[in-house]
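Visitor: Handing you this structure, nothing more for now.
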Amino acid sequence: MKRHLLSINDLTYDDAVLILDTAAELAKISDAPVKKLPTLRGRTVVNLFFEDSTRTRISFEAAAKRLSADVINFSAKGSSLSKGESLKDTALTLQAMGADAVIIRHNASGAPARLADQQWMTGSVINAGDGTHEHPTQALLDAFTIRKHLRPENKDLTGVKVSIVGDVLHSRVARSNVLLLGKLGAEITLVAPPTLLPVGVEKWPVKIAFGLDAVIADSDVVMMLRIQRERMAELFFPSEREYSRQFGLNSDRLRKIKPTALVMHPGPMNRGLEISADSADSLQSVIVEQVTNGVSVRMAVLYLLLGGAPLAAGANVESNEKVGM
Ligand code: NCD
């Protein structure tokens, strides 16, 4: 496995399966009364967030803490320094503090790669979302969730039909998922108006559909994307009503999905725009579970990149017994 996780392209097929398998082991810790392993004791993990985040930052923090690492949260939003300089100075500071891993979210695509490539720091760099480029740990937690439900006995997602619906143009989640789910054998269809598809999408290994009705009944996974208004300087569709009518998941469409199909969304949701409240809260929705699985997957990534002490079988059980649980 490479030292950094900047893109899904950093992972081989075997690396990706190893992360999912390790996450499945680590998920058992999250179900135990004492949610802690000593594996990364004495290591320092820095959360460096230049952009807003709720679940990703908290999820990485919980993951690092469950492995006993020290966590420093550095919310860099609002810095007035130019991007290159601020990133370099920040990196040198983090290096001086002995950071073993830096988890970075930045509104500029490529910022994590810059941090890694310049060799300002010796630790691992993990991309927690860069601009419209990639969000590899989100794709890993999505793959984990899909595998758990639809391929519990298999190693990969061969033959799983995944529809990724909505604002693909601005979505780093969509890019990482196309790469990862494709690597694991899933058949992907992007469903979006032409204005919300990236230039060059015809070269991606995906099918394209211009309305949700065309794919809804045949999908094993319906992955809804948030309309990213903060990245839109102009209008990309005539009106929100019009968008919802063609691309929104609502109760009528929910009735048409396969009984085994999963409804997913990376969050945060615009309820009533890309997804109706009853779809988001339906029995087929795994949206809340995605958040839970995110912690296990991020534990696996930290563990594998930082080369933590071996996962002693029953270590957690013993510590639980010591505290009388
Ligand atoms: C996504 C992100 O930030 O890229 N959210 C997340 O990490 N849970 C998707 C989004 O913001 O729409």
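Visitor: May I ask you to derive the FRET efficiency for residue 153 and residue 1 from their Cβ-Cβ distance with R0 = 22 Å, giving the value to the nearest 0.05?
Guide: That gives a FRET efficiency of 0.35.
Visitor: Charges at C-beta only: +1 for Lys and Arg, -1 for Asp and Glu. How large is the resulting dipole of region 136-287 about its Cα centre, in Debye rounded to 20?
Guide: 300
Visitor: Continuing with the same structure: What nm distance separates the two modelled labels at residue 233 and residue 96, each placed 7 Å from Cα along Cα→Cβ?
Guide: My value for the distance between the label points is 3.6 nm.
Visitor: Of 73, 109, 49, which is farthest on the positive side of the dipole of region 38-158, counting Cα position, with +1 on Lys and Arg Cβ, -1 on Asp and Glu Cβ, and the Cα centre as origin?
Guide: 73
Visitor: Roughly how many debye, to the nearest 20, is the charge dipole of the chain about its Cα centre, given +1 on each Lys and Arg Cβ, -1 on each Asp and Glu Cβ, and no other charges?
Guide: It works out to roughly 260 debye.
Visitor: Roughly to the nearest percent, how much of the accessible area of the chain is carbon and sulfur, given a 1.4 Å probe?
Guide: So the carbon and sulfur contribution to the accessible surface is 53 percent.
Visitor: What GluC sites (Glu not before Pro) does region 126-201 have in DSSP loop regions with at most 10 other beta carbons within 10 Å?
Guide: 153
Visitor: Tell me the per residue accessible area of the chain using a 1.4 Å probe; a whole number in Å² is fine.
Guide: That works out to 44 Å² for each residue.
Visitor: From the helices alone, meaning DSSP H stretches of at least four residues, give me the mean residue ellipticity at 222 nm for the chain, per-run term -39500 (n - 2.57), in deg cm²/dmol to the nearest 500.
Guide: After summing the helix terms and dividing by residue count, I get -11500 deg cm²/dmol.
Visitor: List the aspartates and glutamates whose Cα lies under 16 Å from the Cα of residue 203, skipping any in the same chain that are fewer than 8 positions away.
Guide: 187
Visitor: Follow-up. Between residue 195 and residue 251, how high is the FRET efficiency from 1/(1 + (r/R0)^6) when r is the Cβ-Cβ distance and R₀ = 25 Å? Nearest 0.05.
Guide: For residue 195 and residue 251, the calculated efficiency is 0.40.
Visitor: If you don't mind, another one. Apply the a/c threshold of 1.5 to the C-alpha gyration tensor of region 205-299 and tell me whether it is rounded, prolate or oblate.
Guide: oblate
Visitor: Positive end of the charge dipole of region 136-287 (Lys, Arg +1 and Asp, Glu -1 on Cβ, about the Cα centre): tell me which of 144, 199, 285 has its Cα farthest that way.
Guide: Farthest along the dipole direction, towards plus: 144.
Visitor: Report the relative contact order of region 136-287, percent, no decimals, based on alpha-carbon pairs under 8 angstrom and at least 6 residues apart.
Guide: 23
Visitor: Between residue 203 and residue 41, what is the label-point separation in nm under the 7 Å Cα-to-beta-carbon projection?
Guide: It works out to 5.1 nm between the two label points.
Visitor: If you don't mind, another one. Assuming R0 = 35 Å, what is the FRET efficiency of residue 260 and residue 86, from their Cβ-Cβ distance, to the nearest 0.05?
Guide: 0.15
Visitor: Okay, moving on. Compute the Kirkwood hydrodynamic radius of the chain, taking the inverse of the mean of 1/r over all pairs of distinct Cα atoms, and give it in Å to one decimal.
Guide: After inverting the mean inverse Cα-Cα distance, the result is 20.3 Å.
Visitor: Can you tell me the order of 169-176, 196-203, 248-255 when each peptide is scored by its average per-residue count of other Cβ atoms within 10 angstrom, highest first?
Guide: 169-176, 248-255, 196-203
Visitor: Something else: How big is the charge dipole of region 109-170 about its Cα centre, in debye rounded to the nearest 20, if each Lys and Arg gets +1 on its Cβ and each Asp and Glu gets -1 on its Cβ?
Guide: About 260 debye.
Visitor: Using the basic label-point model (7 angstrom from Cα toward the beta carbon), what is the residue 25 to residue 58 distance in nanometres?
Guide: Result for the modelled spin labels: 2.9 nm.
The values are calculated or read from the model by the stated rules, or taken from the named source; none is laboratory data. Everything numeric here is computed off the predicted structure, so don't read it as measured data. Using ideal geometry, Cβ is built from the backbone for each residue, glycine included, and neighbour counts are taken over all protein chains shown. Quick note on the areas: whole protein, heavy atoms, side chains included, nothing else; ligands and nucleic acids left out. Shrake-Rupley method; radii C 1.70, N 1.55, O 1.52, S 1.80 Å.
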